[in-house]
Amino acid sequence: MSSSDLVVFERAPARLSRRRVRAFARILRDEVAKGHEFCCLITGDAELRRLNREFRAEDRVTDVLSFPALPGSRPALGDIAISVERAAGQARAFGHALDEEVGILMLHGLLHLLGMDHESDRGRMRRAERRWRTRLGLPAGLIERVRT
């Protein structure tokens with residue numbers, strides 16, 4: 001997988017910098033995932049709803065989904081899917097750039113691929129997300145926004 005394959009843009013508005021998103025994905029791969037590959041699909045609400053329905057039996061749109069690789073399937077952590085429509089709305093609501101929101105969602109999804117689960121890990125993922133957000137210069141993350 002080449003570094004350009006880290007992110008697949010199925011849908012991307014003009015205001016989303018593909019170059020910045022790809023550069024951020026490389027930083028996540030190198031620093032957070034310690035060199036382990038992943039793939040992130042940037043798509044729309046309809047595809048996130050379909051994926052959520054098919055793989056989680058939840059018929060609703062969400063902003064980010066993570067799909068860990070099956071053991072022995074390939075040498076990567078797995079896949080992340082992000083709804084650019086949800087990301088754009090959340091960026092407006094929280095007053096930051098779309099690139100930053102996509103970064104927040106990608107970091108969140110990657111932490112799930114690394115085995116963290118904010119619903120059951122007694123704050124481990126929340127602490128990791130906060131630490132990485134600070135280090136990477138991102139605004140408040142998903143878990144913090146839910147708790148505030």
Exercise. Apply the Karplus parameterisation 6.51 cos²θ - 1.76 cosθ + 1.60, with θ equal to phi minus 60°, to every residue of region 57-70 and state each ³J(HN,Hα) to the nearest whole Hz, in sequence, with x for glycine and proline.
Key: 6, 10, 8, 7, 7, 9, 8, 8, 10, 10, 10, x, 5, 6
Practice problem: Mind putting a number on the dipole of region 72-125 about its Cα centre? Charges go on the C-beta only, +1 for Lys and Arg and -1 for Asp and Glu, and I need it in Debye to the nearest 20. | Solution: 100 debye
Self-check item: Residues whose placed amide H lies under 5 Å from that of Glu37, excluding near-sequence neighbours
Solution: Leu77
Quiz prompt | Other-chain or far-sequence residues with amide H under 5 Å of Thr62's (modelled H) | solution = Arg49
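For a quick check of your reading of the filter: which trypsin sites (Lys or Arg not before Pro) in region 1-93 sit in a DSSP loop and have no more than 11 other Cβ atoms within 10 Å? Spell out each step's value before the answer.
Working: sites: Arg11, Arg15, Arg18, Arg19, Arg20, Arg22, Arg26, Arg29, Lys34, Arg49, Arg50, Arg53, Arg56, Arg60, Arg86, Arg92; in loops: Arg11, Arg15, Lys34, Arg60.
Qualifying residues, ordered by number: Arg15, Lys34, Arg60.
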Quiz item: Which loop GluC sites (Glu not before Pro) in region 11-59, with loop taken from DSSP, have no more than 16 other Cβ atoms within 10 angstrom of their Cβ?
Solution: Glu58
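How would you rank 39-46, 99-106, highest first, on the average number of other Cβ atoms within 10 Å across their residues? Mind dumping the intermediate values first?
On the way: 39-46: 19.1, 99-106: 24.8.
Sorting 39-46, 99-106 by mean packing, highest first, produces 99-106, 39-46.
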Self-check item: For Cα extents along the principal axes in Å, calculated from these coordinates, the label among (1) 41, 33, 33; (2) 51, 44, 26; (3) 41, 31, 29
Solution: (1)
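What's the magnitude of the charge dipole for the chain around its Cα centre, counting Lys and Arg as +1 and Asp and Glu as -1 at the beta-carbon? Answer in Debye, nearest 20. Walk me through the intermediate numbers first.
Working: 27 positive and 21 negative charges, 95 e Å.
Dipole of the chain, to the nearest 20 debye: 460 debye.
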Exercise. Just need the relative contact order of the chain here, percent rounded to a whole number, with Cα pairs under 8 Å and 6+ apart.
Key: 20 percent
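Where both partners of a DSSP beta bridge lie in region 1-118, what percent of those bridges are antiparallel, to the nearest 5? Before the final figure, lay out each step's value.
Working: 5 of 14 bridges.
Around 35 percent antiparallel, to the nearest 5.
Round to the nearest 0.05 the FRET efficiency obtained for Arg135 and His36 when R0 = 25 Å and r is the Cβ-Cβ distance. Please list the in-between numbers first.
Working: r = 18 Å, r/R0 = 0.72.
With R0 = 25 Å, the Cβ-Cβ based efficiency is 0.90.
The numbers here are math on the coordinates, done by the rules we state, and not lab data. Because the structure is predicted, anything quoted here is derived from the model rather than measured. Cβ atoms come from the backbone with ideal geometry, glycine included; neighbour counts cover every protein chain shown.
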